[in-house]
Each structure stands twice: as C-alpha cells, then as structure tokens.
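Right, one structure below, let's go through it.
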Amino acid sequence: MIINLNIKTMSLDRRNFIKTIGFAGLTLAVGKGFGSPNPNEDDTEFHAMLFDSTICIGCRSCENACAKAHDFPEPDDELKAGVIRKTNETRRGVINKYDTSKGELFVRNQCMHCNEPACAAACLTQAMYKTREGPVIWREDKCMGCRYCMVSCPFDVPKFEYHSANPKIQKCDMCYDRIIKGEIPACAEACGDALIFGTRRELLAEAHKRIAENPKDYNGKIYGEDVAGGTGLLYLASADFDELGFNTKLQNSSYPELSKGFLFSVPSIFVLLPPLLLGIREATKNNLPKEEENE
Amino acid sequence: MSNPAYVVAKENDNRSIWRFIFNELKPKGKWLTPFNIISIPIILLGLALIVIRFWKGIGSITNLTQEIPWGLWIGFDVVTGVAFAGGAYVLTFMVYILNLKKYHSIVRITVLNGFLAYVFYAGALLLDLGRPWNVVNPIIGNNFGTSSVLFLVAWHFMLYMIAELIEFSPTIAEWLGARRARKILSGMTIGAVIFGITLSTLHQSGLGALYLMAKDKIHPLWYSEFIPVLFLVSSIFAGLSMVIFEGSISHKVFFSKISEKNHKAQKGILTGLSKICAGAMFAYFFLQLLVFIHGKHWDLLNSPMGYWFLVEMFGFVLLPMLLFVYSYRKSNILMVRVAAILTMLGIIINRLNVTVIGFRWDAPVHYFPSWMEIVVTLAVIFTEIWIFRWIINRMPVLNDPPSWAKED
Ligand code: SF4
Ligand code: SF4
C-alpha cells in the first residue's frame, strides 16, 4: 500500500484562514486588518488529539474526567450498540458503542477542532475562536447567543443552553486552559492510550505510521486528515467509518470557503454600485421632461 | 393642508411643540374596530410570552433543538420579512435612480413600510438572541467577526435602518412643521437612497449567503451556491408584491387621505408594478431552472420533497407570473392583487423551505413551531401595524404634504 505522507504544516493552514478574515475586513471599509493577529510572527503549531478505536475498550474514563474537569454531572447511562448518545449542554464528549463488521467497537465524539472552523467563520463576534494553539474555544463575554455557529458547524457540535436566562454555548475546548498551562486535556490524560494529545503534525505522522505498520488492523484512512479542510481530532478505526457513525459525505475542502466568494464580492459591490446608480440617475434625468409617464 | 396642528407647531414655541406631540400621541378614531379586538389580546399574550422567554430561556416557549437552532423567528420574521421589505429599495431605485416619476406617490408609504419592517424584524431578532445584552459587540468591536456573513448582515441592517430613516425624515419634519430641518433632510435623500440600494443588494443576498455553510443540512433541491443570487432576485418581486398588497389595503382603509389625483393614478401604478414583477419572476424562474439543471437532481424530483419543490416552482412562481402578465395585458386590477398574494405565499414557502422545512429535512425529529412562537410572531406583526396606522393617521404619508413643503 502506498501511503501518502503529505503532511501539512499547521501554520500554513492558519495563515489561509486568517487571510479569509483579513479580506472580508474590507467588507465595511471601517479599517484594515483589525482583529487578526499577524500570522507571520509566531510558529506555534496546532495541537490535536488522535483517537484510535482499535485500542479503546469503552471504559469511559475520558467522559468522567471531562465531567469532573468542567463540573458537569457524571454520565450514568449505559452504552448500547445502536443507541447513539449525543453530546449536549452538560456533556462535551461521549463514547458510543457500535456493532460493526469488525466486531464491537467504541468511538469517541466531540468537537473536531477544525483547522478552518465553520463555527468561527460564522461567529460575528469571534466568540468562537480558533486559537493559535489549535483548540477552538468559546468566549462568554463576546457571544450574543445567535446560534449561527450551530447552523454552520458541519458536525453539529456547539450546544446551546435553551433553558437558561443566561445561556452559554457548550462544546469541547480541548481544555484550552490546561493546554496554555502546559498540561494536557483531561480526557487524554485519563485515557493515555486510545486518546492521545500532541501537535497535529506529530499525531498525523503517528497515525500514518500505525497504518503502515499494521495495515490489517486499520481501514487505511484517517478521519480528520482531510475532512472539512482537516481537523484537530484524528481518528483511526478498523471498520469503515460509515459503520461508526462518522459522516463520510462531508466535503474535504474547508467550510468557510463556501461563503468566501460572497464575502469577497462585497467590497467591489460597495465600490462599483453607488457610482453606477448615480450615473443612471443622471442619464435618465436629462432625457425626461418632468412628470413623464415612462416605463 | 388644513390641519391646525401645523399652525400650532409652526409657532416654534417649545411648549406648544410638546403639547402638540402629546396630543398626537392620543388615539384617534374608534377603539372597537375588528382589528383592535383581535390584535390587542394577541399583543398582550405575546408580551407575557416574551417575559417568560427572558425569564426561563428560549427553550421555554420555542421548539428549537440542538440540531435545528433557527426556527420560525429567524426563518419567517427575519428572512421572509426582510424579503417583503425589499419594496423600499426597488421603488426608490425606480423613482430616484430611473426617474420614473409615476411611482412617486407611493414612495413614502413604501419607505415607511420598509423602515418599520426592519425595526420590528431587528426587534424579533433580539428575542431570538440568547445573550441579547451582547448585541452591540460586533458594532463596538468586541470583536469584529469580519469573516462572518452574519456580521455583514447585522451591520447592514443597522445602516439600512438609518438610511431609511433619512429617506423618511422629511415626512416627519413636515408633520412637526420644521421647515428648515425638512430642507436639510430632503437634501440627504439621494445619498441615502444610493447607500440604501447598495446595502439592500448586499444584505438581501446576504440573508441567503448565511446558509452557504449549511451545505449538508439543507435539502439539495434548495441548496446551491447560488442562494444569494436567488434571494436577491426574488426580493424584487417579493417587495413589489408587498407594495401592491399593502397599497390595496391602505387604499380602502385610508381612503379619505388619498387625493383624487393619486386615486386615479393607482391603476397605472399597479399595472406598471405587475409588469416589473412579471419580468423579475421570469428571470427568477429561469435562474431556478439553470440552478436545477446545474445541480443534476433529477432523481430527487420523484420524492415528497421533490413534489413540494415542483409545487413551489410551478404553483407559486410560474402561475403568479402568468397572472401578472395576464393582468397587465387586460389591465385587470383584481388579477394583479391575486397574483401579488400568490407571489407572497410563494416567497413565504421558498424562504421557509430553505430555512426551516428543508433544513435538516432528514432529521429524525422535525421542528415545528410551538403555538407560542406563532403568537409572538403575530404580536410583532400586529404591533408593527399599530405603529404604521398611528403614523399614517398623523404624518403626510398618503396624503399630500403641507403646502409650505412644496414651495421649498
Ligand atoms: S467541529 Fe464544529 S464546533 Fe468544532 S471546530 Fe469544527 S466547526 Fe467548530
Ligand atoms: S452563538 Fe455565540 S459563538 Fe455562536 S455564532 Fe453566535 S455569537 Fe458566535
């Protein structure tokens, strides 16, 4: 089997994403380059997590560690194949059990921490934000609760507290507060085996290595390498990803790309349309006597 | 203008201005009209529901879910409502840019309608925001989410409201008898019109562009990269149909306010508008056809959603278009109105198909608005009509401006 060792460096991905932001900034002609950090100045790499379902035994210590770290109730429902447990306002990551052609398998589900996240591109206040360390975080003081991030996320990750007068968006933030302190996410710490933490480049190389060394144990693909423009959660599995509840119909290019064309056209319309309108007005004014009934 | 109010106001005495405004605030005319009897309880109920919503959270009165975070309040109030408010930019384009003077008599009422529509839909948007106290963040730069289509739409809503207020302001000045202010404000009209049309082009299409990233969530018959263009083109005839519809009602309800000359002009205006609607709808139908062929979704037509798509295209685009053609050929005003109503229904269906019905059409649990969401929506619409009526009864919107305004 030929293995594609085309490893993308993360800073490149980030630069592209920030370019989107910068261009769209012209949108309102209120100023240039506001809000976006200078991409050339730092070489921090995106961090990521690799989940290998051939190792996971479904013990759910990751779920418990997450609940404890964020003061959520401990999950107490049973795992059953065929019943898909979803993340929700009080559960940022879940393990599900699947009956597959390769036997019983467990898969973790949480925010994918996309390289170019749809949620962050959607957010009009940058409350959803792709940090330079990689995690996509939510910032309470900025969010206005419009839920456009939920509409846009292809993985349906952000969850909204519908029954609160001061609602928050809940989703995994890869324990950003721990990462900046040099610690690793609570779930990865609790697991230490099936779920590992590192830079995206290292983990991608590791995933390719595992496939190359034991091709029979894996389905040959890495979910997250390309999907949605590449994500910070990388998955390995023996059975096909279709069988494991992954959405394999998603596009491989980034989602913010979809509205880029529209956003790019905005400045030109702002520049071109007003003079055009003025021109038409002058042209039609001269030709017509007053009170003309013209169509 | 024989209204003594203008005389009072013109004295320019501060105290009398306040007395004048105070007098104007009082209701005029009968209280127990059928409209009042229906609308007052609904508005009160709506207010009570809004209190509950802010107290217990959005989930307490809506049926929204984690998978379907935008429902009736966005899909109908905002997305559909703004399409209907498109009449203002189309009409100001015709009157001020193309210099089609014939339509001048309906500019004021259309702009008023558009302005109120935006004010109330922006208001409805606040109800839907989970954290409305942060609504100023994208304006004050905490932070500027410039890669967001919603950021663009939010700014445009705000700027457009200002532009429409400027366009309408001479009427307010006439009402207050503020002669100098009127002169200054009228001088700003053209600028506001040009700015307003530009903003409208962008946010009418922007409302469609909001859904571009929801590629996998919207039924493929309604999702395409051309949603923005389709939304823009359809806002032309959506807005004009609203002008026809609203004009027909105002003509009955405010009959006495409209001058003889403008009554006579109405027929010509309506047939003219139906011509434009027919043209825009033809273009729209053709675009939809191209998009459909481009999308290669023939197989999807033979499914319930496919039939629904065909109903929308033939029953609510092609049919009203033909009716518009028929009505201007025969100058049949009744048909113009029928066509306008069908067109408006078609716009509601189309916008809801993109935003609600076709959004997560495959989800195991479908979203259907709760009765409370519907009541709040009705309360918003009724309140808007109340304010609309209040203004029409006081300011020279339908009736001719005071004679001093013409001399300037
Ligand atoms: S998975 Fe969704 S919420 Fe997470 S980063 Fe990607 S777009 Fe954002
Ligand atoms: S809900 Fe909050 S985080 Fe999500 S897009 Fe709106 S403002 Fe941003």
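Quick rundown of the values:
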{"item": "B:ARG19 among the charged types (D, E, K, R) and within 14 Å of chain A (Cβ to nearest Cβ)", "result": "no"}
{"item": "Residue tally, condition surrounded by 16 or more Cβ atoms within 10 Å (Cβ to Cβ) and either outside any strand (DSSP E or B) or among the hydroxyl-bearing types (Ser, Thr, Tyr) (or both), over region A:227-249", "result": "14"}
{"item": "Enumerated strands (runs of 3 or more DSSP E) restricted to region A:42-161, each holding at least 3 residues that are closer than 28 Å to A:GLY220 by Cβ", "result": "A:47-52, A:94-100, A:103-109"}
{"item": "Qualifying residue in region A:145-153 (condition: more than 13 Å from chain B (Cβ to nearest Cβ), closer than 17 Å to B:SER148 by Cβ and either open to solvent by 50 Å² or more (accessible area, probe 1.4 Å) or within 10 Å of ligand 1 (Cβ to nearest atom) (or both))", "result": "no"}
{"item": "Residues of region A:79-131 that turn out to be more than 16 Å from ligand 2 (Cβ to nearest atom), within 14 Å of chain B (Cβ to nearest Cβ), of a type in the set (D, E, K, R) and within 19 Å of the chain's Cα centre (by Cα), as a count", "result": "2"}
{"item": "Residue match in region B:158-165 (condition: facing another protein chain (nearest Cβ under 10 Å) and either buried (at least 22 other Cβ atoms within 10 Å of the Cβ) or in a helix (DSSP H, G or I) (or both))", "result": "yes"}
{"item": "Region A:154-195, subset basic (Lys, Arg) and within 14 Å of chain B (Cβ to nearest Cβ), residue farthest from A:VAL227 (Cα to Cα)", "result": "A:LYS168"}
{"item": "Every pair of residues 6+ apart whose Cβ atoms lie under 7 Å, when the first sits in region B:29-58 and is outside any helix (DSSP H, G or I) while the second is open to solvent by 100 Å² or more (accessible area, probe 1.4 Å)", "result": "B:GLY57/A:HIS163"}
{"item": "Filtered residues of region A:111-134 (kept if under 19 Å from A:CYS66 (Cα atoms) and near ligand 1 (Cβ under 9 Å from one of its atoms))", "result": "A:CYS111, A:MET112, A:HIS113"}
{"item": "Residues located in region A:162-177, provided they are part of a helix (DSSP H, G or I) and touching a residue at least 40 places away in the same chain (Cβ under 8 Å)", "result": "A:TYR176"}
{"item": "Candidate set: region B:176-226, residues that are of a type in the set (Lys, Arg) and within 11 Å of another protein chain (Cβ to nearest Cβ); chosen: the one nearest to A:VAL266 (Cα to Cα)", "result": "B:LYS215"}
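Conditions (1) open to solvent by less than 20 Å² (accessible area, probe 1.4 Å); (2) free of Cβ contacts under 8 Å to residues at least 60 places away in the same chain, marked per residue:
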site	(1), (2)
B:GLY81	yes, yes
B:ALA88	yes, no
B:LEU91	yes, no
B:ILE97	yes, no
B:LYS101	no, yes
B:SER105	no, no
B:ALA117	yes, no
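The values are calculated or read from the model by the stated rules, or taken from the named source; none is laboratory data. Everything quoted here is computed from the prediction, not taken from an experiment. With ideal geometry, Cβ positions are generated from the backbone for all residues, glycine too; neighbour counts draw on all protein chains shown. Heads up: the accessible areas ignore ligands, DNA and RNA and are worked out on the full protein's heavy atoms, side chains in. Shrake-Rupley method; radii C 1.70, N 1.55, O 1.52, S 1.80 Å.
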